[in-house]
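Asker: Before we start, here is the structure in question, set down as structure tokens.
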Amino acid sequence: MRCFHFSYCEKKDEGPKTPTKSLSLQSFTSIFTDRRSWTGCNSQIMSDASTESVGRPNLPGFSQRPTNLRVFTFAELKSATNGFSRSAKIGEGGFGCVFMGSIKSPQDPSQKLHVAVKQLGSRGLQGHKEWVTEVNVLGVVEHPNLVKLVGYCAEDDERGIQRLLVYEYMPNGSVEDHLSARTQAPLSWTMRLKVAQDAARGLAYLHEEMGFQIIFRDFKSSNILLDDQWNAKLSDFGLARLGPQEGLTHVSTAVVGTMGYAAPEYIQTGRLRSQSDVWSYGVFLYELITGRRPLDRNRPKNEQKLLEWVKPFLDSRKFRLIVDSRLQGKYSLRTAQKLSIIANKCLCKNPKSRPKMSEVLEMVNQLIGAGSEGTSPRPPPKDPVLVARSVEPIEPEKVFVGSTEEKKTSEDMPSKGKRRSIAIKFGDSVWLSRIWPSKLLKT
């Protein structure tokens, strides 16, 4: 998946050992500024690096908020990851390399705690700002559907400033991993619905459940990780921004993110809103339904852009053709169609018409609670209810009566009088039947 900017993992040669200095977040930013290792960046830009990605001059920066993060030494993390060995490496991205490690549990030093250690590879300004943003954001927010930041390391030595982040370990990888064509065991339909719910909870918390708003700005399947209980959690907050002040509609900012997920109005204008995350979430729902990436250059030209490819199938009986074939039919077609309706609401071109994430979460909760796989369906109503509208799918001559299913054909109906075509709603099912209405209602 192509991003708007990149950073790379760099391998550094081991130099002679010299004393190192562990830095606080504030002094770290100051020393990083003094080095002025890039052309064209003045000291004011550098000193503002800790808040530019998440704040504005007239709003308090995250660095002013208290955190409970643990400060690690580089030696501690080197030991925890077996010298950042290749065997401990579990991932690599735009930020740098990620290693699995073990540290002493703060609650019980005799116990080991598995962690993921992310090492910044780039020396660039953007990489530095993302590192500081991660510390600032995850240091002050906490939610079951956000990856927990355990601590960080910032040390100055002869090789430069070492920047690392220490997270809770997520053993089941990312959602993208489990939707990939390379995986042998794709996510079940039940799990996909749970992931949709967990991700919506995380975004709703960031947007609406704190005294300030955070816009994720890089919501995608590779940034949704799964813990040992398969709970989904949002990760990688390096591009996060504080939302607009009260009375304002957006934040003007440079356009960053991942192609295929970014909202069109944000790409065109640089005006960032919380609705930009809502758009990305809508794209993600179609990713869950289809098992396809939002942008895939390896597919035929007319199938490369996911949102364009699915359009012809949404309002027809061909909808099942876009559902991930690796599910092997083990899903609810009705639930998948309803999930696509939620996605379409998130994908309104007018950002003001998109629902809030709390509203999206409520729709997903209702969908899961209304009889999706793995949950108890709602009890059917006692009597059929006539509805005056055309519905699909239609099975002629089939009706529900009372609490049991019973087929009635024309032979069962009175021979006199004119029959009508009526739609009969029974629970979540609606059928069209050519019957004698008065006879049915008396049954």
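Asker: Run the quick spin-label model on residue 183 and residue 259: label points 7 Å from Cα toward the beta carbon, then report their separation in nm to one decimal.
Answerer: 2.4 nm
Asker: Putting +1 on Lys and Arg Cβ atoms and -1 on Asp and Glu Cβ atoms, find which of 196, 146, 172 reaches farthest to the positive end of the dipole of the stretch 129-283.
Answerer: Looking along the dipole axis, the top candidate is 196.
Asker: Bin by bin, in steps of 5 Å, what percent of the Cα pairs in the stretch 279-360 do you find, going until the bin that has the longest distance?
Answerer: Result, from short to long distances: 3, 14, 26, 24, 19, 10, 3, 0 percent.
Asker: Okay, next question. What whole-number value in cubic angstrom gives the convex hull volume per residue for the C-alpha atoms of the stretch 239-337?
Answerer: Hull volume normalised by residue count: 140 Å³.
Asker: While we're here: How big is the stretch 175-369 by Rg and Dmax over its Cα atoms, in Å?
Answerer: Calculated on Cα positions, Rg and Dmax stand at 16.1, 49 Å.
Asker: Of the cross-linked pairs 233/318; 194/345; 118/349; 129/220; 118/338; 112/233, which ones have a Cα-Cα span greater than 30 Å in the structure shown?
Answerer: 233/318; 118/349; 118/338
Asker: So what's the gap between the Cα centers of the stretch 338-369 and the stretch 312-332, to the nearest angstrom?
Answerer: Result: 20 Å between the Cα centres.
Asker: Counting other Cβ atoms within 10 Å, keep those with at most 16, restrict to DSSP loop, and tell me which chymotrypsin sites (Phe, Trp or Tyr not before Pro) in the stretch 218-265 are left.
Answerer: Answer by residue number: 230.
Asker: For residue 70 paired with residue 350, estimate the spin-label separation in nm (one decimal), with each label point 7 Å from Cα along the Cα-to-Cβ line.
Answerer: 5.2 nm
Asker: Next up: Per-residue HN-Hα couplings for the stretch 129-137, Karplus 6.51 cos²θ - 1.76 cosθ + 1.60 at θ = phi - 60°, whole Hz, x for Gly and Pro?
Answerer: Working through the residues one at a time gives 4, 5, 4, 5, 4, 4, 5, 5, 6 Hz.
Asker: Which distance in nm do the two modelled labels at residue 365 and residue 89 give, with both placed 7 Å along the Cα-to-Cβ direction?
Answerer: So the two model labels end up 4.4 nm from each other.
Coordinate-derived values only; no laboratory data. It should be emphasised that the depicted structure is a prediction, and the values quoted were computed from it without experimental measurement. Every residue, glycine among them, receives a Cβ derived from its backbone with ideal geometry; neighbour counts consider all protein chains shown.
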